[in-house]
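Okay, structure first, notes after.
The values are calculated or read from the model by the stated rules, or taken from the named source; none is laboratory data. A quick note: this is a predicted structure, and the numbers were derived from the prediction, not measured. So basically every Cβ, Gly included, is an ideal-geometry build from the backbone, and we count neighbours across all protein chains shown.
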Amino acid sequence: MDKLKADLLAQVQAADSLQALDEVRVAALGKKGAITAQMKNLGGLEPEQRKAAGQALNAIKDDVAAAIEAKKTAMADAELNAKLLAEKIDVTLPTRPEREGFIHPISQTIEEVVAILGEMGFEVAEGPEIEDDWYNFTALNIPEDHPARQEHDTFYLPGVGEKGRKVLRTHTSPVQIRTMMHSKPPLRIIAPGRTYRCDYDATHSPMFHQIEGLVVDETTHMGHLKGCLIDFCRAFFGVDELPVRFRPSYFPFTEPSAEVDIGCSRKGGEFKIGHGEDWLEILGCGMVNGKVLENCGIDSTKYQGFAFGIGIERLAMLKYGIPDLRTFYESDLRWLRHYGFQALDVPSMVGGLNQ
Ligand code: DAH
């Protein structure tokens, strides 16, 4: 018995793989195994001897089974350790450089403008870039013979929509019309987006961006218009005491109309915002013309409102010192790396607006 036990335990220790260990198990504990064979012999013994031998065999069986289990666990541990060692990552290796994208200054500027006006309670509205003549011109009180309607100023598309000839919208103002036609006052919306005009030189691009603003309510007046735009200009340029001037102007869709200038200096060929005696025009605005309200089915004796339109490229050029308009659309990666923004710089009020 002692020899049997010693032999079997030695075989367990000698097994050098899970398969070899299993073979030992079968040879010892299996139906035809060594211990089983001994068990079968018990029948031929005297009862007293049978009992003692049976107990001894059972003890050997348990010991061998336990030794096999222990060996199995040890082997699995060793295998895992070897694997962990082989897969070890050297965290001191330098990382591979990763090219990150940049936010285009146009997108950044739109996000900033929307964040400021969003805080004032404006909601973002959208309209199509392919418009019908009526939304882009007629409803905005732009007369038939207005120069903006001429073929060489506006991109007309083939085909006629429900509301006149198809045009690429020349400004974001048609979003005012769509908003007033489809929802009831009080209204407070901004509409950023692409606009198109037949123009191309150092200061004009056939595609550019604007942001439109519209407020309509029963008590809205010019004081609200001024307060809103003064606050906006100061917040956008980050100058608390920025001088802001409202200069009388003309737009068919507003009455009265104004252009807004901010204080700047151009002394010694150096341009600075917020100081000095010079002025720079940055946007157009006015009280919504009663005819425009009526064109949209809003009672102009009950409601009044103000509107404004801002050129995004101009704001971006001024704030970030970008000298040439055309570079915005050249997709030059060196330019984008220089003037672009990291994703975290964006105050994310409107994720994904300018896709
Ligand atoms: N739509 C005008 C343009 O493209 C800009 C503008 C001026 C919009 C005055 C307005 C406004 O809403 O009130 O030049």
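Residues that are in a strand (DSSP E or B), modelled with pLDDT of 95 or more and within 16 Å of the ligand (Cβ to nearest atom) do occur in region 311-324. Residue count for region 131-149 under the criterion of being assigned to a helix (DSSP H, G or I), within 12 Å of the ligand (Cβ to nearest atom) and within 35 Å of the chain's Cα centre (by Cα): the result is 2. Selection of region 260-292 for residues being touching a Phe, Trp or Tyr at 6+ places or on another chain (Cβ under 7 Å), within 16 Å of the ligand (Cβ to nearest atom) and not in a strand (DSSP E or B) yields N289, V292. Residues in region 262-284 that are more than 30 Å from E144 (Cα to Cα) and surrounded by 18 or more Cβ atoms within 10 Å (Cβ to Cβ): I262, G263, C264, I273.
Apart from one condition, E255 fits all of (1) in contact with a helix residue (DSSP H, G or I) (Cβ under 9 Å, 6 or more places away or on another chain); (2) at pLDDT 95 or above; (3) exposed (fewer than 14 other Cβ atoms within 10 Å of the Cβ); the exception is (3). Out of all the residues in region 179-198, is one or more within 16 Å of the ligand (Cβ to nearest atom), basic (K, R) and either part of a helix (DSSP H, G or I) or in contact with a Cys (Cβ under 7 Å, 6 or more places away or on another chain) (or both)? No, that holds for no residue. Given the condition among the hydroxyl-bearing types (S, T, Y) and in contact (Cβ under 8 Å) with a residue 60 or more places away in the chain, answer yes or no: does some residue in region 259-274 qualify? No, that holds for no residue.
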